[in-house]
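The values are calculated or read from the model by the stated rules, or taken from the named source; none is laboratory data. In this text, all values refer to a predicted model and were calculated from it rather than measured experimentally. All Cβ positions, even for glycine, are placed from backbone atoms using ideal geometry, and neighbour counts span all protein chains on display. Quick note on the areas: whole protein, heavy atoms, side chains included, nothing else; ligands and nucleic acids left out. Shrake-Rupley method; radii C 1.70, N 1.55, O 1.52, S 1.80 Å.
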Amino acid sequence: MATSTPTAPSTTSPNDTPDPTATYVNTSTLDFLLIELVPMAYRITADLALREEDWVHGTSTSTSSSRHNNTTDNDATSTVGVSGGGGGGGLGGGGGTGVGTVDEEEAREAVFHRLETLGYRVGLGIVERVSRQTPRPHDPLSTIKFLCKDLWTLLFRKQIDNLKTNHRGIYVLTDNTFKPLTRMSFDTKKYTDAQYNAIAASAAASAAATGGEGVSGSGGGLDPGLGRDANTIARAQPFLYFPAGVVRGCLAGLGVQATVTAETSGIPAATFQIRTQGAKA
C-alpha cells in the first residue's frame, strides 16, 4: 500500500528568483528618493542661475583684463560658460535676458523639465526590466490597463483607483491615496475668508487689466481658484513631476508615445492625464 508523505509548503524568497541579476531594495527607497529629488532640483536650478549671472557680469567687467592673459582667462571663461549655458537651457529659454536671476515661473519650469526627464529615464528602465518575464500588451488600451495594474502595483504597491477614457486617446488615471503624497505635510498658511476674498478680487482685477489672461504669481504665486488650501496644493505639485515622467517613460517603453500631466486637488489624491499621439478631445 502506497503512502504519501506530506510536503512542506513552499516559500518564496529573493534567492529563488530565476533572474540571477535581480537586486532588491527596501520598499521605502522610492519614498525617500522623491522627498529629496524636489529640493535637489531647486538647488541645482538656483546654482546654475547663479553661475550664469556670475558669468554674464564677470565677462562684461573682465573684458579688458582678458586681453592681457588670453590663455588663462579663456579657459576659465569657457568652463563657466558651459555651466551657465546649461543653466540657461534648463530655465526654459530664460537665457538671453542678460540676467541670471530666476523668477518663480522659470524655476518651476526648470524643475519640471529636470524631474520629468529623470522620471522618463527611470520609466524606460522599469519597462525593460519587467518585460523580461511579462508579455507586452499590443494595443494602447491594454497598455494603459497594464500600467494601472501591474506597473502601478510594482511602483506604488497598489492599483489605480479609477480609470476613465474617451476612447479617442485620452486617459485619466486617479489615485485617491497616491503613495508619495500620503506622508506629506506642510507648514501652510490657512487663509481667512477676508484674506481669501482679497486674493480672489486682486486676481480678478489683474485678469481684467490683462485682457482676461490671468495673473501669474498673484498673492505670492497662489491661484485663488484652488481655495484656501492652495498653498498646500502648489507646494505638493512639484512632487508629481517625477512620477509623471516615470509614467511617460513606461508608456514609451511599451510603444505608446504620449504626454502626461499630473496634478492634485487635495493631498493625498493625484490625477494623471495621458494624451496619446493623435488623441482627440
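Computed from label points 7 Å out along Cα-Cβ, the spacing between Thr29 and Arg132 is 1.4 nm. At the residue level, Val260 shows approximately 10 square angstrom of accessible surface with a 1.4 angstrom probe and all protein chains present.
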